[in-house]
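Only the coordinates and a few stated rules stand behind these numbers; no lab work does. Being a predicted model, the structure only gives us computed values, none of them experimental. FYI the Cβ positions are ideal-geometry reconstructions off the backbone, even for glycines, and counts take in every protein chain you see.
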Amino acid sequence: MTRDPATRLRNAGAEIASRVGRSPSFDEVIEGAPQAPKRAPLVTAGLAFAALAIGAILFAGLTGSFRGEGPRNRTAPKPLRATVIKGATVLPSGSGYAGNVPVTITNDSTTVSYEVTMMSCAAINADGRVLFWFRTRVLAFVRPGATQRVVPNVPFSSDQPVRPSGFRCHVFAAHPRDPHPPIRSPQPPNPDNPIAPGFLPTDTGFWDTSHGLVAGRIDCQTCADKTSGAIAITSDGGRSWHVVLTTANPAHVTVARGTSSAWVWAGGERLRSADFGATWQRLHIGGVIPESFINASDGWGFFPVPGSGGYGSGAAVIARTTDGGRTWTGAGSPCPSRWFPGPGQPSISFVTAADGLVDCHWEVGAGMFSNDAVYVTRDGGTSWTLLAMHIVPSGPHLGQPPAGADMSMSPGGSIALSGGRAGTYRTSDGGAVWTYLPRISSPDVFDVEGFSWASPTTVFATRIGGLPPAILRSTDAGLTWHVVLLLPGD
Amino acid sequence: MQTCRHPCASLCRNEGASLDEASIQRFLTGDYARVVAAVTLACGSQASAEDAVQEALRRAWERGQRGEALDSPTAWIAVVAMNLAKSGLRRKLAERRALDRLAPRAGSDLSEDTMEVMAAVRKLPRREREAIVLHYWLDMPIEDIGKQLGVTSGAVKNSLFRARRSLEKALTEEVGT
C-alpha cells in the first residue's frame, strides 16, 4: 500500500465520491422543495412530489392560466395572470439563444397585493410546440386591481439551436404582501414612524415638486421583518408616503426629472421603474451603480473596482448608458485611483448630455481623513477639468470622512450642493467656490445628503445624523431648509 | 448565458460563472459528488457534507440572481460548504446525526484505508485540512486556494507542507500499529 498521503487522500476521496448516491435535482436544491431524501421510502415520496410538481407546471403552461404559487403551497390559487407581450428579445448566444421576455401580470384581487418572485415560461416554435422550459427569479410588486400591471423582463438562455418564435409564461411563485396603505404624517410629527419602523432616509429622487421617491435603510432591531431597505413614494411633495418596494439591502435612488423613470441600487440589486415607481424591473448590470440621468435613456454611473488593500483601496470607473440603464460602457475618470467604494461615491451629476460634475473622494493618512476634488466636463465625460480641491476648507467638520457624501447640480447647472459627514456645501458658480451652509450643517446635524432637484429652485434632501432623521426641502435653491417630514426612527 | 455588460472588462472574464439554472444542473450532474467527497473528507460526515454542499449551492444561486459572478464556482461552493459544515447548519446537522443513529445508512461502510485517511485528516488543524483537500482531491491550484481562503499562496504552501507531514506521520503510525 502506498504511503504517499496525497495518493491515499485521492483514493479516499474517490471512494467517498463513488458512494454519493443520486444527485439532487435543481428544484430540490434551489426551490426549497424536500431535500434529497436519503432513505428508500422517502426517495419514492420525493420523486412523487417532483413528478406532481412537474405535472402541475406542464398543465399550467399548456392551459396558460396557472394561478401562481410557490412550490410549498400550490393549493391556494392566487389571482395573478401573466401575459407575454409581443416583442421578446431573442438573440444568438453561444450554441443557442438568450434574451428577455416582457410580461404583464394582472392581479384580479381588489384587496391583496402580491410580490411575484418567480416566473416560469415555455419557449415555443412556430408550430406552437414547446422547445424548452425555463424558470427565473424576478422581483415584481403587483398592487390590487386588474389594472395594476408589472412588466418584468424575464431573462432566459438556452443551448438549443432552435430559435424560439414565442413564449407562454405564468407566475410560478408569489406571496401576498401588505398593500402598505398611504400613511399621512400630521404636523407635529406622528410618534409612529410613518414609513417603516426604523426607516432611515438616505436618498431622495423627485420628478417634479410633488412627485418623488425616498430611499433608505430599515434599521429596526425589534422588528420581525428583517428587510433592510425600502423605497416609498409621494405625490404631495413629501408630506405623505407609502412604501412601494422593500429590498434586502439599503436602497439608493436616482430619477430623471421630467420623466417617469427611476433607478434603484440596493446591494446586489439594480432595479428600474418607468411608471413613477409603481412597478420595478430588475436590471442585470452587475456592479454598476446608477448615479445621474438627464432623461429616460441617458445616464451616468460608476463601477466600483475593489482594491487588494480593503476598504478605501479600490478605484471606480465612470459608466455611461444610452438605453435607460440596460447596458453600460466604461468612460474616462478624472479621480485618483483610491476612491472610496461605497454608497453614493463618487458623486456624479449631469444636467445635459455634455455638462457634468464629479465629486471625487479619497483617503488621506491611515484612513481617518479624506480629501475631495470637483471636476467638470463639457463634452459628456471625455475630458475633465479640475475645478476645486478640498471643498471642505474650514468649519467644524474639516477632516471628517465623507461617508455617504453626495453632490447634485441644479437643472440650470450653476448651483450645486454637496453633503455628507463633512457638512453641507453650496456653489453658485458651477463648482469652483463652495460655501459652507451652517444652518443645516450645525454640529447637531452632521449628515445631510440625498439631494434631488425638483425644479431650478426646489430641492429635497435627507437628514441622516444628529437630529432625528428627516426629509428636508428648500425652495430657494438650497440656501434655507425646512423639515417636510420627521422620522422618529426605531 | 448572460452577455457581459460590465464596463470593466477585467471583471467580465467570469461572467459565465454567474450561476444560472443550466450551470447548477451541470454542477449537480458533474462536480457534485467530488465536492461532497471533499467536504466529507474535511468534516467527517457524508450526510452533513451533502446538506452543506446543497446549502452552499443555494447561496451561490442567490448570488447569481443578484448579478454577482463567482470566480470559480466549484471552489467557492466547496469552501463555503466546508465553512457551513463546521460552523453553521448546527441544528440541521444534529438532526441528521440523530437520524443516522436511528437508522444507519446502508452503504456507509467505507474501506478501512479510507476511514484511516478520514480520521487522520480530521486531526489536522482546520486550515491545513481545507488546503490539503482542495489541493490534492479537488486539484485546485495553490493560488486559487489562497484566494478562496483569503490567505497568501505562501501560507497555503506552508499549510500543505505541514498537512502532508502530519498525514504521513499519522498514516505511518496507523499502518505500523
**Study point:** Exposure proxy ranking, count of Cβ atoms within 10 Å, fewest first, for B:K157, B:K147, B:K169
**Key:** B:K169, B:K157, B:K147
Check your understanding: Once you sort the root eigenvalues of the Cα gyration tensor of the range A:247-306 as a ≥ b ≥ c, which label holds: rounded (a/c under 1.5), prolate (a/b larger than b/c) or oblate (the other case)?
Key -> oblate
Check your understanding: Once the Cβ-Cβ distance between A:T89 and B:E112 is put in as r, and R0 is 41 Å, what FRET efficiency do you end up with, to the nearest 0.05?
Key -> 0.10
**Study point:** Fewest-first sequence of A:M389, A:M409, B:M115 by Cβ atoms within 10 Å of each Cβ
**Key:** A:M389, B:M115, A:M409
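For the range B:124-177, what is the Kirkwood hydrodynamic radius in Å, using each pair of distinct C-alpha atoms? Could you put the intermediate results ahead of the total?
Working: mean 1/r = 0.0884 Å⁻¹.
By the Kirkwood definition, the hydrodynamic radius is 11.3 Å.
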Review point. Fewest first, what order do A:W265, B:W137, B:W76 take by the number of other Cβ atoms within 10 Å?
Key: B:W76, B:W137, A:W265
